[in-house]
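The values are calculated or read from the model by the stated rules, or taken from the named source; none is laboratory data. Model, not experiment: these values are computed from the prediction. Positions of Cβ are backbone-derived with ideal geometry, glycine not excepted, and every protein chain shown enters the neighbour counts. Heavy atoms of the whole protein, side chains included, go into the accessibility calculation; ligands, DNA and RNA do not. Shrake-Rupley method; radii C 1.70, N 1.55, O 1.52, S 1.80 Å.
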Amino acid sequence: MSLYARLAWDGIRKNKRLYLPYILTCVGAVTMYYMMRELRDSPLLESMKGGGSSRMILSLGTWVIAVFSLLFLFYTYSFLIRRRQREFGLYHVLGLGKRHIALLCALETLLTAAIALVVGLAAGVGLSFAVELGLRSTMRTAVDFAFSINGGALLQTALLYLAIFLLILLSTLVKVGRGSAMSLLRSENYGEKPPKANVFVAVLGAVLLAVAYVMAVSIQEPLQAMLLFFAAVILVILATYLLFIAGSVALCKALQKNRNYYYQPRHFVSVSSMAYRMKRNGAGLASICILATMVLVMLSSSACLYFGAEDSLNATYPTEFDVTVSVSDPATVPDLEKALNEAGAPYGVAVWQQGTLEQWEDGAEWSAAFDTGLSRERQLALGRAISSALNNPETTWGYSTAFRAEAADEFYGTYGSLFFIGIILSVLFICAAVLIIYYKQLCEGYEDQPRFAIMQKVGMTAADIRRSVNSQLLTVFFLPLAGAALHMAFAFPMIRRMLLLFRLTNTGLFVATALISFAVLAVVYTLVYKATSNAYYRIVKGSI
């Protein structure tokens with residue numbers, strides 16, 4: 001057993017360039033999930049206005065992270081296991097049976113899970129306090145809370161990710177168990193036939209995308225936009241994958257037919273190597289495009305809600321005070337006048353004089369909508385006094401009240417939590433996109449290394465390699481960013497109408513947050529391009 005444990009540790013250590021990003025991904029996912037789960041049960045939400053809405057939003061966020069973690073960890077591990085299959089085949093040739101290789105995989109998965117859970121949960125507990133402080137600051141309200149470690153959140157997080165690691169292990173065992181020693185050794189060379197452009201897939205993707213875009217720009221009712229938003233999202237996701245898979249193949253075919261472009265040193269190797277793996281490459285580019293679109297939608301809309309909370313509050317509550325009282329006995333009207341005047345007298349406001357009385361034979365109704373110019377604290381005090389005056393068990397009237405100062409806490413609490421969750425999920429999806437790009441470049445670099453080695457032997461220089469690498473990356477690298485911008489442009493009308501449900505009519509603010517979000521994403525994406533192009537270049541040049 002000690003031999004296999006040592007082999008498992010050596011497998012992780014010797015492949016640290018592949019394993020370290022994967023382990024960091026696992027740690028980040030565990031940390032994010034625990035923080036969202038702990039925050040959902042935090043006493044902070046119980047002591048603030050709008051806590052119920054925030055808890056519902058956070059519950060949805062935990063489900064999003066859980067599902068995303070399952071899909072994304074499977075996706076990133078597929079890159080890693082593709083590089084390890086050749087190693088497993090070598091172990092098989094040297095005499096290790098499939099049971100021993102399965103034990104080796106199980107130990108590697110156990111070590112990875114242990115590191116991810118210990119570091120991730122420790123980081124989650126340590127960061128939760130800062131997260132709650134950050135959330136409290138976005139709420140613009142004074143809320144007291146006592147931080148504590150949530151044992152239930154720790155247990156649920158551990159069980160969730162242990163289940164994910166178990167599924168990943170089972171998937172790996174199936175792949176290894178079905179393959180022979182020779183097939184495992186040659187696994188990196190599979191799929192080396194150039195794919196054919198599928199016209200039907202491309203047309204289907206274009207049709208689905210057109211339907212989604214028409215839905216987004218033609219819907220006028222805000223509630224209808226909310227109901228159809230998720231249907232449009234699903235159509236866009238399906239269309240993006242279909243178009244990137246089929247369209248990337250067609251792009252390579254078109255470039256190869258363009259003799260003036262294709263038969264150049266910096267383009268020939270890059271285009272020919274891309275043509276052999278475009279089906280997988282297209283799926284990766286589509287995943288990056290979807291993640292980038294999600295970042296733009298979440299960050300721009302949540303930021304717009306947060307920074308436009310005051311506008312939304314004022315639109316929902318046009319005046320500071322809105323009071324309506326129905327009196328069944330006209331004789332009680334003088335009592336109502338006395339009670340309201342007594343309630344408003346300490347603050348210099350003749351509350352009764354602010355309203356309008358409509359009296360009829362068997363009753364009366366008094367209503368008032370007015371501003372006072374008082375500070376927020378004095379408005380809250382006046383609101384409590386008015387409610388106390390009206391909530392008298394000896395009276396026979398019914399009443400309804402709406403005080404802007406009281407509603408402000410719920411508005412800022414709900415919109416603040418939305419903005420915070422938007423930032424958290426955006427960071428998560430940006431990290432996911434970065435890791436997809438990193439693994440994509442890493443695996444393709446190792447696949448292209450033998451081709452560039454051959455080209456170097458026939459006279460290709462380091463400068464030629466650099467130009468070829470830049471040509472390959474620039475050909476497709478910024479397509480996901482352009483696709484995300486296009487998706488966001490067509491989603492803009494639908495999201496704007498959904499914001500109307502929150503009484504947010506400031507279109508200029510939404511445009512500004514969308515443009516700033518895109519600028520931030522473009523800067524991050526460009527930095528990732530620089531980093532991954534250098535890593536790819538070092539691999540294919542043979543310096544790694």
Rounded, prolate or oblate: which fits the range 318-399, taking a ≥ b ≥ c as square roots of the Cα gyration tensor eigenvalues, rounded meaning a/c under 1.5, else prolate when a/b beats b/c?
-> prolate
With a/c under 1.5 counting as rounded, go ahead and sort the range 447-544 into rounded, prolate or oblate using the C-alpha gyration tensor (a ≥ b ≥ c being the square roots of the eigenvalues; past the cut-off, prolate if a/b is larger than b/c, else oblate).
-> prolate
Which of the listed residues, Pro393, Ser375, Trp360, is farthest toward the dipole's positive end in the range 328-400, when Lys, Arg count +1 and Asp, Glu count -1 at the beta-carbon?
-> Ser375
How many percent of the accessible area of the range 345-407 is carbon or sulfur, using a 1.4 Å probe?
-> 42
Roughly speaking, to the nearest percent, how much of the range 442-544's 1.4 Å accessible area is carbon and sulfur?
-> 69
On a C-alpha basis, how far is the centre of the range 520-534 from the centre of the range 200-223 in Å? Whole number, if you could?
-> 30
Would you mind calculating the gained length between Ala462 and Ala482 on full extension (0.36 nm times residue separation, minus the Cα-Cα distance), in nm to one decimal?
-> 4.2 nm
Highest-first arrangement of 17-28, 518-529, where packing means the average Cβ count within 10 Å = 17-28, 518-529
Principal axis lengths of the range 336-451 from Cα atoms, whole Å, largest first?
-> 96, 32, 24
Subset of Lys257/Lys530; Lys440/Lys541; Lys457/Lys541 violating a 19 Å alpha-carbon distance limit = Lys257/Lys530
Peptides 116-127, 427-438 ordered by average Cβ neighbours within 10 Å, highest first = 427-438, 116-127
